[in-house]
Amino acid sequence: MMRAWMLPMLLVLSGSFVAVGLILRGSTGAAVAPLLVFVLFAGVNSLLVFPRSIGALEAQRRSAVDGRPIVFWRPGCPYCLRLRIRLGRSARRLHWVDIWRDADGAAAVRAANDGNETVPTVVVAGRPHTNPDPAWVREQLSPPG
């Protein structure tokens, strides 16, 4: 769990150092902007942006029942963030597995990607797709017809 929050904490800490440096130079007003930017980047790279993660085994069980895709991701991954943002509200209809929190999820991603933990890896109907186009993923959520 701590590993997932490492980047956001580092961003907030860095922003705080920059802001303190500007305050010590007498630029109190100018310190607010970089601090807000760093906090924004921290929020975007945190677990708060992604739907709640579940374990790989639970995701596979649920996907077998409802047919929804499984997304294997990790915090700090720009491609995962791109997918999440471009999916918008439909992202909540997917099963999300954080590979840093779930060893079975990391193993599934390595098995699909020649031993690499390349994310996002989206599993649709048992077939893995590495870094797919968000529009394609959204299409997989549409009922056939």
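Brief remarks follow.
- Spin-label model, A111/S27: points 7 Å from Cα along the beta carbon direction are separated by 5.3 nm.
- Net charge, Q140 excluded, C-beta distance under 13 Å - Lys, Arg +1, Asp, Glu -1: +1
- Descending semi-axes in whole angstrom, ellipsoid equivalent of the stretch 56-141, from the Cα gyration tensor: 17, 15, 11
- Seen against the Cα atoms of the chain and their longest principal axis, helix 2-24 is set at about 20 degrees.
- Taken over the alpha carbons of the stretch 2-44 as equal point scatterers, the Debye sum produces base-10 log I(q)/I(0) values at 0.14, 0.22, 0.27, 0.34 Å⁻¹ of -0.31, -0.63, -0.81, -1.06.
- Report note on the peptides 25-38, 69-82, 7-20: ranked by the mean count of other C-beta atoms within 10 Å, highest first, their order is 69-82, 7-20, 25-38.
Every read-out reported here was derived from the displayed coordinates using simple, explicitly stated rules and does not represent laboratory data. For clarity, every value in this text was computed on a predicted model and none was experimentally measured. Note that we place each Cβ from the backbone using ideal geometry, even for glycine, and neighbour counts take in every protein chain shown.
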